[in-house]
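Have a look at the structure below before the remarks.
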Amino acid sequence: MDESAVHQGTTPALDALAGATIAHEVHRHGRVDSLEEAAKVRGIDPRQILKTTVVRRADDDFLFVLVPGDRQISWPKLRALLGVSRLSMPDAALAKEVTGYERGTITPFGATRAWPVVADSLAILRGETVSIGGGAHGVSATLSAPDLVFALGAQVADVTEPL
């Protein structure tokens, strides 16, 4: 995504959010160097930022995992939830191929395929506003956690652990 598109407000993610007809607020703040900096410019706590990770189950079988900023994926929990013995993270090129986004901008909204989404239950149970990537560096959207789950048809489960 080129910088001019970001300033015009056009990304596939933002278009998908608009089409989902859920209340959300778009933030354009330019590149940030840390989770803490991203939270500060968005006016939220780091735990409210949902990092999107694309995970590979098998050939041509991926899913998105939404992880609160203050946590990380618990691979044993995620494998147990999915009933698999092995998961992996695709390299940067494959991640872009299967999502349409480069690392650091990946989001389920507007991805090239509607892969299943697992949202960590802690992020949802907190009942807070959450922030998710907007499909380009320095672009994000904030919305209610329940609206996020509804819009994505996400499965909510305990799949993380503290950093």
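The values are calculated or read from the model by the stated rules, or taken from the named source; none is laboratory data. No experiment lies behind these values; they were computed from the predicted model shown. Positions of Cβ are backbone-derived with ideal geometry, glycine not excepted, and every protein chain shown enters the neighbour counts.
Quick look at the numbers
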{"item": "Selection from segment 151-160 of residues that are farther than 13 Å from Ala123 by Cβ and either aliphatic (A, V, I, L, M) or over 14 Å from the mean Cα position of the chain (by Cα) (or both)", "result": "Ala151"}
{"item": "Inter-residue pairs, beta-carbon under 6 Å, first touching a residue at least 40 places away in the same chain (Cβ under 8 Å) and of a type outside the set (Val, Ile, Thr) and in segment 108-122, second buried (at least 24 other Cβ atoms within 10 Å of the Cβ) and part of a loop (DSSP other than H, G, I, E, B), 6+ apart", "result": "Gly110/Gly135; Asp120/Val159"}
{"item": "Count - residues of segment 131-154 that are in contact (Cβ under 8 Å) with a residue 40 or more places away in the chain and closer than 21 Å to Ile73 by Cβ", "result": "7"}
{"item": "Enumeration of residues in segment 79-100 that are within 16 Å of the chain's Cα centre (by Cα) and touching a residue at least 60 places away in the same chain (Cβ under 8 Å)", "result": "Gly100"}
{"item": "Residue that is farthest from Ser85 (Cα to Cα) [pool: residues in segment 21-40 that are of a type in the set (Lys, Arg) and not in a helix (DSSP H, G or I)]", "result": "Arg28"}
{"item": "Failed condition for His29, given (1) over 21 Å from Glu102 (Cα atoms); (2) more than 17 Å from the chain's Cα centre (by Cα)", "result": "(1)"}
{"item": "Residue in segment 123-130 that is in contact with a helix residue (DSSP H, G or I) (Cβ under 6 Å, 6 or more places away or on another chain), within 24 Å of Arg28 (Cα to Cα) and modelled with pLDDT of 95 or more present", "result": "yes"}
{"item": "Boolean, Ala18 is touching a helix residue (DSSP H, G or I) at 6+ places or on another chain (Cβ under 7 Å) and either outside any loop (DSSP other than H, G, I, E, B) or of a type in the set (S, T, N, Q) (or both)", "result": "no"}
